[in-house]
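Have a look at the structure below, then the notes.
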Amino acid sequence: MDENILYFAYGSNLHPERLRARIPSSRFICICPVAGYQLRFHKRGEDLSGKCNAVFTGIKEHFVLGAVFNMKQAEKALLDNIEGEGYCHEPVDVKLGKQFKEAFMYVAEEPFIDDSLNPFQWYKDFVQLGAQYHRFPDQYLQTITAIEAIDDHDEARHRSNESVLALMR
């Protein structure tokens with residue numbers, strides 16, 4: 001029997017359809033904040049654009065909103081491969097009803113952080129569509145909307161991601 005684990009998604013995996021296409025066993029449980037973190041788009045991706053990162057600030061008023069998913073432990077290696085180099089797993093307590101449970105989230109490793117990076121528009125759209133799907137508060141959505149995105153000049157990668165986004169819109 002395969003053990004299940006909890007995954008806290010706050011970036012491009014927020015939308016349940018996006019994550020299920022990548023991780024078939026994933027099932028949405030709830031949305032919740034994780035205090036003491038801020039959302040940034042400064043993790044250097046393999047395509048050299050900015051990807052999401054949850055930066056620990058330790059300030060209780062700061063938080064990252066995300067979606068908690070249940071998934072099979074056996075599929076975690078697949079998700080690690082999809083996320084790529086430069087992320088480590090960080091345990092985080094998520095509130096499920098009246099209880100706190102441990103989940104994991106991806107956090108950028110220091111050598112992969114570059115504050116000069118911007119996300120490609122399609123990547124930002126994945127994050128924004130996920131946040132809209134979960135009806136995140138307007139102020140949080142505005143923070144994502146305010147992030148400056150850039151065009152992806154790799155036409156094949158752009159088309160591929162836009163075709164996935166079209167299914168989510």
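What follows draws every value from the coordinates through simple rules; no lab data is involved. Source: prediction; values computed, not measured. Virtual Cβ from ideal backbone geometry, glycine too; neighbours counted across all protein chains shown.
Quick notes on this structure:
- For a label point 7 Å along the Cα-to-beta-carbon line of Glu3, residues of region 80-114 with backbone N under 14 Å: 102-104
- Centroid-to-centroid, using Cα positions, region 109-169 and region 30-103 are 16 Å apart.
- Cα pair count fraction exceeding 20 Å, expressed as % - region 4-168: 49 percent
- The calculated FRET efficiency for Glu155 paired with Lys101, based on their beta-carbon distance and R0 = 30 Å, is about 0.10.
- At q = 0.13, 0.14, 0.15, 0.16 Å⁻¹, base-10 log of I(q)/I(0) for region 105-169 (Debye sum, equal scatterers on each alpha carbon): -0.44, -0.51, -0.58, -0.66
- The helix-only estimate of mean residue ellipticity at 222 nm for the chain, built from DSSP H runs of length n ≥ 4 each weighted as -39500 (n - 2.57), is -8500 deg cm²/dmol after division by the residue total.
- Remark: relative contact order (the chain) = 28 percent; criterion is Cα-Cα distance under 8 angstrom and separation of 6 or more residues.
- The DSSP beta bridges internal to the chain are antiparallel in roughly 95% of cases.
- Summarising the label geometry, the points placed 7 Å from Cα in the beta-carbon direction at Ser116 and Arg20 lie 4.2 nm from one another.
- Length available on full extension from Thr57 to Gln38: 0.36 nm per residue minus the Cα-Cα distance, which gives 6.1 nm.
- Residues in region 17-52 reached by a label modelled at Tyr140 [backbone nitrogen below 13 Å; 7 Å Cα→Cβ]: 30-39
- For the residue pairs Lys101/Lys124; Lys60/Lys95; Lys76/Lys101; Lys60/Lys98, alpha carbon separations beyond 27 Å are given by Lys101/Lys124.
- Total charge dipole magnitude, the chain, about the Cα centre, Cβ charges on Lys, Arg, Asp, Glu only, Debye to nearest 20: 800 debye
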